[in-house]
Amino acid sequence: MRKFIFAFTLACLLMPAALEARKAATVINVIPYPQSVEIGKGTFKGSGATFNCDPAIDARSISVIRDFADKITFITGRTNSFATPPGLAKIAQEGKMKGFIFLKDGSMGPEEYSIAISKKNCIVSASAYNGFLYAIQTLKQLTDVKIFSEEIDPAQKFLFPCVTIKDKPRFAYRGMHLDCARHFFSVEEVKKYLDIMATYKLNRFHWHLTEDQGWRIEIAKYPKLTQIGAFRNGTMVGKDFNSNDGIRYGGYYTKEQMKDIVKYAEDLGITIIPEIDLPGHMLGALAAYPELGCTGGPYEVWTKWGISEDVLCPGKEGMFTFLEDVFTELMEIFPSEYIHIGGDECPKVEWQKCPDCQARIKALGIKGDDKHTAEEYLQSYVTARIQSFLNKHGRKIIGWDEILEGDLAEGATVMSWRGVKGGIQASAQGFDVIMTPNTYCYFDYYQSPEIEKEPLAIGGNLPIEKVYGYEPFEGLDASQQKHILGVQANLWTEYIATPEYLEYMLLPRMSALSEIQWCKPEDKNFDRFSKALHEESFKIYDTMGYNYRKF
Ligand code: ACM
Ligand code: ZN
């Protein structure tokens, strides 16, 4: 009896720990969390396992599967041999085959995949490149974090837990933006940014390339854009708008560099959407070609932040020729269906005074009304002309939500940044929308109200919990929801001058963003996410060499 009481007491004492252990096994530390997860018992050993690939899988996908095999081989020093046996799907069905088995399943969507891991094998199915990429990203988060390293570790087994996963994203557009104009980031830094995006299954990189503070892309027809427009005579210090550090600052990407980045991103399943911000935010170009402005200048590349009143002059036909030439060269570099044409924060004071702008307004018969001024309609005219030019070349435009001010032509996509109201209005009018509300998605905002403990930021307070809590369909009926292509966060770099600080502002908030973009609302859970972040993602960041904000 005493023995029984002792055993009973011990069982009661151990019960919470046992329950806790069982509870822990009901989730996996994968971000963004897959749609369907069934956890089994035991593990599959990846080290030394053969990679069997369905010969029906396309060559690009086979090459990333091979890279994954080679990575395991490199770290463990044990060869993961590679085979493409005919009839693999049928052999796999018999259930006897060991090792990794990659199958093409043409019934799946292009970003969908499934993984079934037993002690004997790991069967991965997808229909297309991104599906295979995402399956591999999930596998990497399921096994030892060393998979993200370049370190040799002969003792490493690369165990994968037995689990069945079926997964696909909620939104087709899963974006992250980077402003390389206020501060310039090197090719290597941009690639590192893309690497971490790919780890969290983001698939659109919105690259902000032109600004008042610098023009960052080589355009052969207008060499002064990079000779003059890419450099500024110093930068304001901190928040003192009257200061200047006196250090010449600048840089630009050559065409070859941009093409190299486009290819690098493509291999990671990411499409780059370049932005030429117009007609405002154009001092970089105006400094180089002052004839594009209302007054003819002279203009200087700006050394301070804010919104310049000097903007492009839509009264001058040469300004449109310039833009068409720039977009012609841009389209040769960037194959994306969408081109971002900016449209935000364009003051109209110069247009009101400019005889050319006023003559254009008159010639077009534009009249202001109780909704918009004549100058706002003039901006719509600029948007429509560029849209029509790009449409003729098979491209579509995205613009910031200011492009709604006036008449917006069919086929434009609106990026809602001044909160969610632009997205609500645009979707009600039948326009496609990408939600990037500053209230949830501006990663240049502080990450805590204790700003004295944080590096200098633009303002606001956007902690990770708030980012995570964003629900893009809120306030939208079913007909509007259909127009939401997806969600993106923006990283403006007025106060962000170094890669370390950039990464600190990006991470871990971008991991939270990935669950908004990927997961169904009912599958989001901040506690589960936070656990995965601490137990897995922080280790990934450390291993890949990223700086990040701890919490
Ligand atoms: C923006 O933040 N000005 C789009
Ligand atoms: Zn003008």
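Could you name the lysines whose alpha carbon sits less than 16 Å from that of residue 120, not counting residues in the same chain fewer than 8 places away? Residue 120 reaches 41, 45, 96, 98, 157. With the whole protein complex present, residue 534 retains an accessible surface near 80 Å², based on a 1.4 Å probe.
Can you bin the range 120-203 into rounded, prolate or oblate? Criterion: square roots of the alpha carbon gyration tensor eigenvalues sorted a ≥ b ≥ c, rounded for a/c under 1.5, prolate for a/b above b/c, oblate for the rest.
On the way: a/c = 3.29, a/b = 1.42, b/c = 2.31.
Verdict is oblate for the range 120-203.
Over all pairs of different C-alpha atoms, the range 283-434 has a mean inverse distance whose reciprocal, the Kirkwood radius, equals 16.2 Å.
For residue 153, what is the net charge nearby, where nearby means another residue's Cβ is under 9 Å from its Cβ and Lys, Arg count +1, Asp, Glu -1? Within the 9 Å Cβ shell, the charges total -1. Accessible area per residue for the range 126-170 is 35 Å², calculated with a 1.4 Å probe on protein heavy atoms, without ligands, DNA or RNA. Computed with every protein chain present, the accessible area of residue 228 is close to 70 Å² [probe 1.4 Å]. Average accessible surface for the range 173-262: 33 Å² per residue, computed with a 1.4 Å probe over protein heavy atoms with every protein chain in place.
Go through 313, 294 and list them by solvent-accessible area, largest first, probe radius 1.4 Å.
Working: 313 0, 294 20 Å².
Sorted descending by solvent-accessible area, the residues read 294, 313.
On the accessible surface of the chain, probed at 1.4 Å, how many percent belong to carbon and sulfur atoms? Don't jump to the answer; show the numbers that get you there.
Values: 12410 of 22560 Å².
Accessible surface attributable to carbon and sulfur in the chain totals 55 percent.
Amide hydrogen proximity for residue 53: with H placed 1.01 Å from N in the peptide plane, the residues at 5 or more positions away or on another chain lying under 5 Å are 83, 84, 102. Going by accessible surface with a 1.4 Å probe and the largest first, 177, 393 read 393, 177. So which of 140/524; 201/466; 316/348; 168/192 end up more than 23 Å apart, counting from Cα to Cα? The answer is 168/192.
Please report the equivalent ellipsoid semi-axes of the chain, computed as sqrt(5 x eigenvalue) of the Cα gyration tensor, largest first, in whole Å. The equivalent ellipsoid of the chain has semi-axes of 48, 25, 23 Å. Taking the three principal axes of the alpha carbon atoms in the range 289-341, the coordinate ranges are 34, 28, 14 Å, sorted in descending order. Under a 5 Å amide H cut-off, with hydrogens placed 1.01 Å from N, residue 206 pairs with 176, 177, 178, 273 among residues at least 5 apart or on other chains.
Tell me the per residue accessible area of the range 264-417 using a 1.4 Å probe; a whole number in Å² is fine. Kindly include the intermediate steps, with their values, before the conclusion.
Details: 5600 Å² over 154 residues.
Roughly 36 Å² per residue, with all protein chains present.
Roughly how far apart, in whole Å, are the Cα centres of the range 75-152 and the range 34-50? When both Cα centres are located, 10 Å separates them.
On a C-alpha basis, how far is the centre of the range 396-426 from the centre of the range 440-474 in Å? Whole number, if you could? Each part's Cα centre sits 23 Å from the other's.
Using every pair of distinct Cα positions in the range 379-438, the Kirkwood expression returns a hydrodynamic radius of 11.4 angstrom. Largest accessible area first, the listed residues 395, 248 line up as 248, 395 when surface is computed with a 1.4 Å probe on the assembled protein chains. Taking a straight line from the alpha carbon of residue 482, these aspartates and glutamates sit under 17 Å away, with near neighbours fewer than eight places off in the same chain left out: 410, 432, 471, 474.
Taking a straight Cα-Cα cut-off under 17 Å and skipping sequence neighbours fewer than 8 places away in the same chain, the lysines within cross-link reach of residue 221 are 255.
The values are calculated or read from the model by the stated rules, or taken from the named source; none is laboratory data. The structure presented is a predicted model; accordingly, all values stated were derived computationally and were not measured. Glycine also receives a Cβ, built like all others from the backbone with ideal geometry; neighbour counts cover every protein chain displayed. Protein only, heavy atoms only, side chains kept; ligands, DNA and RNA dropped before computing areas. Shrake-Rupley method; radii C 1.70, N 1.55, O 1.52, S 1.80 Å.
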